[in-house]
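J.: Here it is, the structure, as structure tokens.
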Amino acid sequence: MASRCSDEPAGRASEATLTAADDGRSVDLRVGDRLVLRLHENASTGYRWTLDVDDARGPVLSVQALGFQAASAAVGSGGDALWLLGAQAPGSVTLRFRRWRPWEGEGSVLQRFTVTLQVRPA
């Protein structure tokens, strides 16, 4: 679920999950809503998701890295990188992530993820 449910009671914050399937989307939120962003990665390969431009922090949105959730207990297994996004004030912000090996530079980018969040008053 990437957008706000229309049948939610007014004044109640919602929480939804975004995944790679939401790449390129625009998502409507209300102040107080939270999103969990889950992007698949295999950290043992060195390819990690990072936020390209960390200008998302501030009055509109809080961004908190929650770490990595392994898909299994096996050494070297893949899983999901997780972030918690919190709508704090009305406005618009575009988040851009890339999965890459930072020490190898821009040529190592395997995948990009972009989402625009439109935050409305509660």
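J.: Using a simple charge model, +1 on the beta-carbon of Lys and Arg, -1 on the beta-carbon of Asp and Glu, nothing else, what dipole does segment 17-120 show about its Cα centre, in debye to the nearest 20?
T.: 120 debye
J.: Right, another one. Students often get this wrong: which residues of segment 22-54 have the backbone nitrogen under 18 Å from the point 7 angstrom along Cα-to-C-beta of Ser92?
T.: 23-31
J.: Kirkwood hydrodynamic radius (Cα pairs, Å) of segment 17-120?
T.: Taking every pair of different Cα atoms in segment 17-120, averaging 1/r and inverting gives 14.3 Å.
J.: Can you tell me how much longer the chain between Val109 and Asp28 gets when fully stretched, taken as 0.36 nm per residue apart minus their C-alpha distance, in nm with one decimal?
T.: Gain on extension, Val109 to Asp28, equals 26.3 nm.
Quick note: the coordinates plus some simple rules give every number you see, no bench work behind them. Since we're looking at a predicted model, the values are computed, not measured. Virtual Cβ from ideal backbone geometry, glycine too; neighbours counted across all protein chains shown.
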